[in-house]
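Inspection log for the structure reproduced underneath, given as structure tokens.
Read the figures in this text as sums done on the coordinates, not as results from a lab. Keep in mind that what you see is a predicted model, and the values were worked out from it rather than measured. Because the Cβ atoms are built from the backbone with ideal geometry, glycine has one as well, and the counts that use them run over all protein chains shown.
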Amino acid sequence: MRSIDLRVPAVAGFAILLLAFAPGAKAAQAQDIQFVEGTGEESTTAPIAFARNADDSRDAEAKLNELAEDLANPRVQNGVAAMVERMGATLLDLPVGKFVAAVENARPGTIEKPIREDATVADLAGRDTERLPRKLGKSSRQMMTMLSGFASTFATMIPEFEQMGRDLERSMKDIKAARD
């Protein structure tokens with residue numbers, strides 16, 4: 001198994017973001033990334049720093065473009081939006097009244113306003129909560145469209161990030177050599 005050594009924090013964060021929100025991501029793709037502690041030292045598992053050759057670079061670009069297509073796919077977006085809406089509705093239906101009562105019994109005076117024992121999160125959230133799950137679903141579609149654009153842009157920037165990684169690695173080695 002080949003792994004990718006991401007040593008640039010901004011790139012690593014973006015990669016995590018892409019993987020976290022990639023509905024089409026396969027479990028094996030997450031295993032392709034290995035985070036290595038240190039400052040420029042080679043890993044014992046010999047990960048590659050982004051791509052070592054043009055084939056790896058094209059492969060990474062193709063995968064990011066595929067991810068961008070998945071994120072822009074209306075069927076995928078609708079599936080994620082439906083899941084987000086159901087989760088939002090479920091969370092709003094969570095009963096919290098008995099929990100609030102238990103807190104008040106354990107520490108009287110903690111709860112300023114009386115809350116019914118059958119109260120839910122929606123009851124405490126107030127007005128317009130019935131619209132919240134739908135808004136979250138709509139927002140998830142917008143977020144996925146935005147992430148699709150980021151993935152496409154990121155794919156075209158791979159050579160620049162590779163060079164930046166090599167420059168950073170050289171700088172770290174120079175700093176270490178100057179210290180020794």
Describe numerically, in nm with one decimal, the distance between label points set 7 Å from Cα along Cα→Cβ at Arg170 and at Asp128. 5.4 nm
Could you derive backbone 3J(HN,Hα) for the range 92-100 from the dihedral phi with the Karplus parameters 6.51, -1.76 and 1.60 (θ = phi - 60°), listing whole Hz in sequence and x where the residue is Gly or Pro? 5, 8, 5, x, 10, x, 5, 5, 4
How long is the gain from Glu104 to Thr156 if the chain were fully straight, where each residue apart is worth 0.36 nm and the alpha carbon distance is subtracted? 13.1 nm
Fewest-first sequence of Leu67, Leu147 by Cβ atoms within 10 Å of each Cβ: Leu147, Leu67
